[in-house]
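Below is one structure, written out as structure tokens; comments come after it.
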Protein chains: 2
Amino acid sequence: MLEPRVLDEVPTPAAVVDLARMRANLDRMAGYAAQQSLALRPHTKTHKSPELAREQLQRGAAGVTVATIREAEVMASVCHDILLAYPPVGPGKVERLLALPAHVRITVALDSREALEMIARDAARAGHEVGVLIELDLGMHRVGVQDAAAAVALARSAEDLEGVAYRGVTFYPGHVREPVDQQAPALARLDEDLARFIEALDREGLAPGTVSGGSTPTAFASHTVGGLTEIRPGTYIFNDRTTAETGACAWEDCAYTVLATVVSTAVRGQAVVDAGSKALTREELRAAGGGFGALADRREVTVKGLSEEHGLLDLTSTDWRPRIGERVRIVPNHVCVSVNLHDRVRGVEGDEVVTGWSVAARGWAP
Amino acid sequence: MLEPRVLDEVPTPAAVVDLARMRANLDRMAGYAAQQSLALRPHTKTHKSPELAREQLQRGAAGVTVATIREAEVMASVCHDILLAYPPVGPGKVERLLALPAHVRITVALDSREALEMIARDAARAGHEVGVLIELDLGMHRVGVQDAAAAVALARSAEDLEGVAYRGVTFYPGHVREPVDQQAPALARLDEDLARFIEALDREGLAPGTVSGGSTPTAFASHTVGGLTEIRPGTYIFNDRTTAETGACAWEDCAYTVLATVVSTAVRGQAVVDAGSKALTREELRAAGGGFGALADRREVTVKGLSEEHGLLDLTSTDWRPRIGERVRIVPNHVCVSVNLHDRVRGVEGDEVVTGWSVAARGWAP
């Protein structure tokens, strides 16, 4: 099949990125990080594509962040400094990590002595050295050591054990979900908690070389957190409805949409498109408006319901009445999980399809 | 990499099917359909694998149901009677439908004159004939004609137009979500509504040859709906937490699990596993218990939270305290969307991995 040259000919559903918007998003974050002297280590879970990681590295990213061994394997083709922000626990994981090309500098985030010892043992046996960041829980309560004593003990072990090298601390401020103009109190608490950890490590001669934090919603407030050396935003390359609703980007900064076709208008007050939960995912919006996405050019029209291949557009707040066959572009609530449902993403300039790339790091196996 | 022979060696996260349970689920539904003289046309969106469609056909299925052209293309390798329960509206869709092997009998469900005319025009031009079922809305309010007059008009057009053949009606009772022992009132309403449509079509000489309905939760009550000739359950091959919670299967009938490894126990009251929303999906349970899944062998332990690669097991209702590296099997809330996240599924007998198959019909493009 010939690759369509214009958006009108692209079969639906399809993942589409507005390249001008994407480049502006990349430039904005790179500019902020440079201005604040923060290392930028973008999380590639959002796009899972080496082509886009290269765009980030060309703009000065210090390396990339990955969540899975598969992502590390794929990103190793373009990047020689990779942070696996996830403990590699389970059959084959450390082996695959150690099998990455020798020129790749690997760092791993972890919060347990068990994970540390597993890596150290295999790395030492293979004559490798894996960097370690101690994962801190600064309020998200997902993973991370709970107190300074635990952080010190784990950092000490990382310093002492053969096969691993203690490189600092990391945290993920995923619990800070307030609109950007209301984040200051949560970030002040985080700043205090982080300072306590850093002071304790300093006292023990374990001053962290790297202090890595930063989500997309909090990225542009990173300079208010003391001691931070690095940020790891992911979503910012595309942005999504959640990012826009929190005010961390404008609606017009949403670069990724799912192109869909209206297939039914039989039920009053709604139109059904061919992008359902297998194209958008059922991720709720934690903000006014609800639904599972909204039309890029008619933000008041939301996806009020999803089946696997059906998206139900709510027409009660618009006088737009779509025809069968009409096409729409939907901004999903959470872009990372939508991208992950597509084999391929198309890059457009206006209505022209100028490029495309595969979502190469999907799944977990080679 | 050598394919692991035992479950303990399988890298995580991984999709795993207990073959004995799957076969029992297949036998049970095939037995019910045969006993009630209902055609069984399983919806293959659940497994997306021709290997499993073959298992269904070998047990007497009259054909298969698909939701996408891609699924039709993949299933055409094993099945010559395919219902596309979705209007093929959008660039390339009718062309791809007409390009299926000539021996495949194709039927399409639709609810609009626009969709009908698009298919008829292209099919007539190609010298093909595509069967048509008129989609009825019997209470789900997703798609489907709203009244008998609309059904008659559309059926008449399907009868008259060249390139298409009117074959009957279809509906999806996806709104009947009550526990099975409380479904009778909803099914009685549906039965009345369906009878009204059928009577109107009969009066106009458009008696439907096929009356196709049936979801997994309502499947074993299909004999209480008058006029039904065919059922299209999908989930029943694997079942899931939702099916079990509605009483449409026993917990021990859940054949599909996501195998995962405990990677963190740092936060009190929970354990974190390496199966997140990219392995399970964020589908809420419409029943007591909440969460996004539960452990197969400890049903009281639910997945209380999800990040993309993190699943948070709630340990507050158990005295089980998992170790880092321990492995669990999670029954997802909605199996169809979890399967769709995996490249490959492994079939096990007890703890032995005896086979595997690819989720071949994922995505929308060839």
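The values are calculated or read from the model by the stated rules, or taken from the named source; none is laboratory data. This one's a predicted model, so the numbers in the text were calculated from it and none came from an experiment. In this analysis, Cβ positions are derived from the backbone assuming ideal geometry, glycine residues included, and neighbour counts consider all displayed protein chains. For the accessible areas, the whole protein counts, side chains as well, though only heavy atoms, and no ligand, DNA or RNA atoms are used. Shrake-Rupley method; radii C 1.70, N 1.55, O 1.52, S 1.80 Å.
Data table
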quantity: Equivalent-ellipsoid semi-axes of the protein assembly as shown, from the Cα gyration tensor, Å, largest first; calculated: 47, 28, 22
quantity: Accessible surface buried upon A-B contact (total; probe 1.4 Å; Å², nearest 100); calculated: 5000 Å²
quantity: Average other protein chain Cβ within 10 Å of Cβ, residues A:256-265; calculated: 4
quantity: Accessible-area composition of segment B:292-333, carbon plus sulfur, in percent [1.4 Å probe]; calculated: 42 percent
quantity: Kirkwood hydrodynamic radius of chain A, Cα pairs, Å; calculated: 21.5 Å
quantity: For peptides B:325-336, B:254-265, A:192-203, sequence by mean Cβ density within 10 Å, most packed first; calculated: B:254-265, B:325-336, A:192-203
quantity: Over chain A: helical MRE at 222 nm, DSSP H runs n ≥ 4 each giving -39500 (n - 2.57), nearest 500; calculated: -8000 deg cm²/dmol
quantity: Value in Å of the Kirkwood radius, where segment A:198-304 supplies the Cα pairs that are averaged; calculated: 16.7 Å
quantity: Carbon plus sulfur fraction of accessible area for segment B:1-79, probe 1.4 Å, in percent; calculated: 47 percent
quantity: Among the listed pairs B:Lys93/B:Lys278; A:Lys93/A:Lys278; A:Lys93/B:Lys93, those beyond 32 Å (Cα-Cα); calculated: A:Lys93/B:Lys93
quantity: Segment B:240-354 - charge dipole about Cα centre, Lys and Arg +1 at Cβ, Asp and Glu -1, debye rounded to 20; calculated: 320 debye
quantity: Top of A:Arg28, A:Arg125, A:Arg344 by mean-square fluctuation, Gaussian network on chain A, Cα under 10 Å; calculated: A:Arg125
quantity: Approximate shape of segment B:219-366 as ellipsoid semi-axes (Cα gyration tensor, √5λ), whole Å, largest first; calculated: 28, 19, 14
quantity: Square roots of 5 times each gyration tensor eigenvalue, C-alpha, segment B:217-268, largest first, Å; calculated: 35, 11, 8
quantity: Cα-based Kirkwood hydrodynamic radius, segment A:114-259, one decimal, Å; calculated: 16.5 Å
quantity: Cβ neighbours within 10 Å from other chains - mean over B:66-79; calculated: 1
quantity: Solvent-accessible surface ranking, highest first, for A:Glu71, A:Glu300 at 1.4 angstrom; calculated: A:Glu300, A:Glu71
quantity: Over segment B:205-256, relative contact order from alpha-carbon pairs under 8 Å, at least 6 apart, %; calculated: 32 percent
quantity: Accessible area, probe 1.4 Å, largest first, for residues B:Tyr166, B:Tyr86; calculated: B:Tyr166, B:Tyr86
quantity: Förster radius 60 Å - calculated FRET efficiency between B:Asp193 and A:Gln36 (Cβ-Cβ, nearest 0.05); calculated: 0.45
quantity: Largest-first ordering by accessible area, 1.4 Å probe, given options B:His43, B:His175, A:His223; calculated: A:His223, B:His175, B:His43
quantity: For segment B:247-310, diffusion coefficient by Stokes-Einstein and Kirkwood Rh (Cα), 20 °C, 1.002 mPa s, µm²/s; calculated: 170 µm²/s
quantity: Net charge contributed by nearby residues that have their C-beta within less than 15 Å of B:Ala188 (K/R +1, D/E -1); calculated: -3
quantity: DSSP bridge orientation in the protein assembly as shown - percent antiparallel, rounded to nearest 5; calculated: 50 percent
quantity: Alpha carbon convex hull of segment A:61-138, volume per residue in cubic angstrom; calculated: 88 Å³
quantity: Computed accessible area, B:Met140, all protein chains, 1.4 angstrom probe, square angstrom; calculated: 50 Å²
quantity: Over segment B:275-314 - Rg/Rh using Cα atoms and the Kirkwood inverse-distance radius; calculated: 0.94
quantity: Solvent-accessible surface (1.4 angstrom probe) belonging to A:Glu162, in square angstrom, nearest 10; calculated: 140 Å²
quantity: Accessible-area value, B:Thr316, 1.4 Å probe, nucleic acids and ligands omitted, Å²; calculated: 110 Å²
quantity: Along each principal axis, Cα extent of segment B:176-260, largest first, Å; calculated: 57, 24, 16
quantity: Under 18 Å from B:Lys48, Cα to Cα: aspartates and glutamates that are on another chain or at least 8 residues apart; calculated: A:Asp274, A:Glu308, A:Glu309, A:Asp343, B:Asp18, B:Glu71, B:Glu73, B:Asp81, B:Asp240, B:Asp343
quantity: Shape box of segment B:39-84 [Cα atoms, principal axes, largest first, Å]; calculated: 24, 19, 18
